[in-house]
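None of the figures in this text is laboratory data; all of them are computed from the coordinates on show. Bear in mind that the values here come from a model prediction, so they are computed numbers and not experimental data. FYI the Cβ positions are ideal-geometry reconstructions off the backbone, even for glycines, and counts take in every protein chain you see.
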Amino acid sequence: MDSIWLRELCQLVGEAYVITSPTEHERYVSDWFGRMAGSARAVVRPGTTAEVAAVVACCRRHGIPIVPQGGNTGLVGGALPDDSGTQLVLSLERMNRIRAMDPLGKTVTVEAGVLLAHVQDAARQQGLEFPLSMGSEGSCTVGGMLSTNAGGTAVLRYGNARALCLGLEVVTAEGDVVPGLRQLRKDNTGYDLRDLFIGAEGTLGIITAAVLSMVPAPKAKLSALVALESGEHAVALLERVQSQVGPLLSAFELISHACLDLVALHFPQLPYPFASPTPYAVLLELSDHESEEHTLALMEQVLGEALARGMATDVLLPQSLAQSDKFWDIREHIPLSQVKDGKNVKHDISLPIAAVPAFLTQAAHLITSLHADARVIAFGHLGDGNIHFNVAAPIGQPPDYILQDKVRISDAIHELVDALNGSISAEHGIGQMKAHDLARFKNPVEMRLFHQIKQALDPEGIFNPGKILNAHNPSKAENP
């Protein structure tokens, strides 16, 4: 049967684009952190939407589950096959064309395999900006970004990926194509299918192309580093800055002392930025349509007042655009530092902004009660309530010292998040890592609706099985 199925795939996309050798599968079946790995029956790399549709129809006929994959930069195993060796990885990396650019309408139509960095470059060439930005932008793809409703550092001003997408082209589980590449900013013609596929992690359909919204490029974009004594001071500073500069504030990143220390340890070219240790720092960014001088003057005024009011203990203002970029280098090297440091227990959570200080304090106490010497590495997008709360083994101890207790640690953190009316996944998605937790913390009515939607759009369950939803379907159980 495999030989028949594989011959069909080779006829559909070309033999060169069907990879059957396990030795060539490695980059498609393991994550970049080295924490998760699976096994693929084959890897197929279609080059057009028609080929994707044909591959889906073929797999449906033969009962082959499909795992859609973009840049494979995810952190929850959402784009990886399981270890059964029965699943096909459908890589969209060859679908990397920019189909259309509309500078007047400020839209760009791209295929799912286009790198985020290439979308940003294309926008700049038109004097515009695609404002979604993240550390993996040089390797993550548009399809993956939309499938996880990625966030990044500028959500505060521009919103998540969903807010920057106007239309989608999607291949359904039947092998049909939904031709939704509309450039419309208003379209009230029934159910919004676009929003249904965004954030679904390839479990409902395969995104093959998208219409993305761009914005006018700012004339100036500057950042500053601010030292703070506590999470409460960080929230107070956020409120103060927003009240004074409004939408000019495009990023507000919270960074703990442990993060600054870790970056300095593993990347000596990025030393600890302040003269003395600080419990927390904030990296804020202002984007202005006037001038760099105007932006810097505004920043000096706002942060000078924060110092005078005791909200901040130190402020590092940029002396140049290059120094402003250096501040971002520190922020973007935090995940890289964690890779060098060794595996840890990761949490990507969101909270009401007012609840963030209480979470940071209570979560630190929880970890101390479980492992007195564990290191807490906390950072994230405070402006939208998203915190990456990671727990690492003490220096000198192997990662397994903490990893062997990851279930107990994550349960405690997620219970606290739930008690504070937060979410166990802010921007990384659910994937396979958090499917159990989703079923535990999501309202039963919502979970039943999730299963009903999955059953309606993918009744045979061929799209990304085991991701987001567990096997149990509560839609047939009694109402809670």
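When the helix-only estimate is applied to the chain (DSSP H runs of n ≥ 4, each -39,500 (n - 2.57), divided by the residue count), what is the mean residue ellipticity at 222 nm, nearest 500 deg cm²/dmol?
Rounded to the nearest 500, the figure is -10500 deg cm²/dmol.
Measure nothing but the geometry: give the 0 to 90° angle between the long axis through the Cα atoms of 231-245 and the longest principal axis through the Cα atoms of the chain, rounded to 10°.
Between the helix axis and the principal axis of the chain, the angle is about 90 degrees.
Where the only charges are on Cβ atoms (+1 Lys, Arg; -1 Asp, Glu), what is the dipole of segment 154-218 about its Cα centre, to the nearest 20 debye?
Roughly 420 debye, rounded to the nearest 20.
Suppose every Lys and Arg Cβ carries +1 and every Asp and Glu Cβ carries -1, with no other charges. What dipole size does the chain come out with about its Cα centre, to the nearest 20 debye?
740
On a 32 Å Cα-Cα criterion, which of the cross-link pairs Lys326/Lys434; Lys343/Lys442; Lys340/Lys442; Lys186/Lys219 come out too long?
Pairs exceeding 32 Å: Lys326/Lys434; Lys340/Lys442.
Once you have the Cα-Cα distance between Gln301 and Arg408, take 0.36 nm times their residue separation minus that, and quote the gain in nm to one decimal.
So the chain would gain 33.9 nm between Gln301 and Arg408.
For segment 227-323, what is the relative contact order in percent, using Cα pairs closer than 8 Å and at least 6 residues apart in sequence?
Across segment 227-323, relative contact order equals 39 percent.
Among 56-64, 117-125, 78-86, how do they line up by average Cβ neighbours within 10 Å per residue, starting with the highest?
78-86, 56-64, 117-125
Could you point to the residue in Leu286, Leu298, Asn386 farthest towards the positive end of segment 285-398's charge dipole, with +1 and -1 charges on the Cβ of Lys/Arg and Asp/Glu respectively?
Farthest towards the positive pole: Asn386.
Within a 10 angstrom radius of the beta carbon, how do His365, His25 rank from fewest other beta carbons to most?
His365, His25
From the residues Ala426, Leu370, Pro277, which one has its Cα farthest along the dipole of the chain in the positive direction, the dipole being from +1 and -1 charges on Cβ of Lys/Arg and Asp/Glu about the Cα centre?
Of Ala426, Leu370, Pro277, it is Ala426.
Given charges of +1 on the Cβ of Lys and Arg and -1 on the Cβ of Asp and Glu, with all other atoms neutral, how large is the dipole of segment 28-145 about its Cα centre, in debye to the nearest 20?
300
What residues from segment 133-157 fall in the zone where the backbone N is under 18 Å from a label point 7 Å along the Cα-to-C-beta line of Asp195?
146-151
Whole-Hz ³J(HN,Hα) for each residue in segment 401-411, computed from phi via Karplus 6.51 cos²θ - 1.76 cosθ + 1.60 with θ = phi - 60°, x for glycine and proline: what do you get?
Here the 3J(HN,Hα) series is 4, 9, 4, 5, 10, 5, 5, 5, 5, 5, 4 Hz.
Tell me the label-point distance for the pair Arg7, Gln242, using the 7 Å Cα-to-Cβ offset, in nm and rounded to one decimal.
6.3
Using packing as a proxy for protection, rank 235-243, 290-298, 155-163 so that the peptide with the highest average count of other Cβ atoms within 10 Å comes first.
Top of the packing list down: 155-163, 235-243, 290-298.
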